[in-house]
Each structure stands twice: as C-alpha cells, then as structure tokens.
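Taking it in order: structure first as structure tokens, then the write-up.
The values are calculated or read from the model by the stated rules, or taken from the named source; none is laboratory data. The structure presented is a predicted model; accordingly, all values stated were derived computationally and were not measured. Glycine gets a Cβ as well: all are built from the backbone with ideal geometry, and neighbour counts include every protein chain shown. What goes into the accessible areas is simple: the full protein's heavy atoms, side chains included, and nothing from ligands, DNA or RNA. Shrake-Rupley method; radii C 1.70, N 1.55, O 1.52, S 1.80 Å.
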Amino acid sequence: MLRTIDDKGFALLHRTAAEALLNKDLKDDAEILDGLMSVCADDSGRRPSVESMMHAYLLGIPGVNFVGHTHPAT
C-alpha cells in the first residue's frame, strides 16, 4: 500500500534514460515494461511505475525540482 511504502518500495531509475523512452516506438505493454526495466539504476528487480516516463519528462523541465503525485488513501 502506498500509505505504508518506504524507500525499498520504489525503483531507482536513470531519469534521462526514462525520459528518452517517450521517444521510442514502444508497441505494447511488454515493450514498455522491458524499456522501464532497462533504465533501472540498480539490480533490485523492482518494477518501475508506467508513470515513471511522465515523471522523468516533468523533472526535465527547467525549474521543476520535484513531482508531487498522489493517490487517494481510500
């Protein structure tokens, strides 16, 4: 659950590599997952969120220092 997640619950990614996935012609869910796994910064095996590419894009905008992304608790 997101309300109890800690740092071990997140995948660490290379931001610019994740942003670059937006320019690739990823045809299906399997290609998207493969792309996301390829930009992981460690070998933890954690699966990045499909929203990671959008977060990376937003963080690449000058002046943007963080992305506040929430989900309802209930």
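Things worth noting here:
- Any hit, segment 61-73, residues being under 13 Å from the mean Cα position of the chain (by Cα), within 17 Å of Leu12 (Cβ to Cβ) and open to solvent by less than 60 Å² (accessible area, probe 1.4 Å): yes
- Selection count, segment 1-21, where residues are without any contact (Cβ under 8 Å) to a residue 40 or more places away in the chain, aliphatic (A, V, I, L, M) and open to solvent by 90 Å² or more (accessible area, probe 1.4 Å): 2
- Check on Gly45, out of contact with any strand residue (DSSP E or B) (no Cβ under 6 Å at 6 or more places or on another chain), over 16 Å from Gly9 (Cβ atoms) and in a loop (DSSP other than H, G, I, E, B): no
- Test: residue in segment 19-28 that is outside any loop (DSSP other than H, G, I, E, B), of a type in the set (A, V, I, L, M, F, W, C) and closer than 20 Å to Lys8 by Cα: no
- For Ile61, the requirement of being assigned to a helix (DSSP H, G or I) and either among the hydrophobic types (A, V, I, L, M, F, W, C) or at pLDDT 95 or above (or both) is not met.
- Residues of segment 22-31 satisfying the condition of being charged (D, E, K, R) and open to solvent by 100 Å² or more (accessible area, probe 1.4 Å): Lys24, Asp25, Lys27, Asp29
- With respect to (1) among the aliphatic types (A, V, I, L, M); (2) surrounded by 15 or more Cβ atoms within 10 Å (Cβ to Cβ); (3) under 11 Å from the mean Cα position of the chain (by Cα), the lone exception for Met37 is condition (2).
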